[in-house]
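What follows is a short report on a single structure.
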Amino acid sequence: MNRWLTLSSGFVAVTLLSAGLAFGQQPKADCKAGAPEMVEGQVVRVDPKTDKVTIRDKSGTTHEFQANKETTKDLKAGDTIEARLRVAPKC
């Protein structure tokens, strides 16, 4: 009985440790998922509070980008721009 209890507890411990390691691994974030490399189009909206710019490209699709304060200060709705996607520092 003692042997069975020792083997069972060892098996449970190994299983729990392995499961913890498996769940601790996170897949890498795909920072460019669904975002084009470059967008040419017209600025639809500029949100200076969140520093986001919404652009409508030539096909009519809208894209929202995170921009810096200087960029949002210089842009206004109706401007025609060409934007290139840069990888975020967290990626």
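Bear in mind that the values in this text are calculations on the coordinates, not laboratory data. Quick caveat, the model's predicted, so the values are computed rather than measured. All Cβ positions, glycine included, derive from the backbone under ideal geometry; neighbour counts span all protein chains shown.
In what sequence, highest mean first, do 2-12, 41-51, 75-85 appear when ranked by Cβ atoms within 10 angstrom?
Details: 2-12: 9.1, 41-51: 14.2, 75-85: 12.2.
Final packing ranking: 41-51, 75-85, 2-12.
Pop a pseudo-label 7 angstrom from the Cα along the beta-carbon direction at both Ser9 and Thr62 and give the gap in nm to one decimal.
Roughly 6.2 nm, to one decimal.
Check Asp79: other-chain or 5+ apart residues with amide H under 5 Å from its amide H, H built from backbone geometry?
Answer set, sorted by chain and number: Val43.
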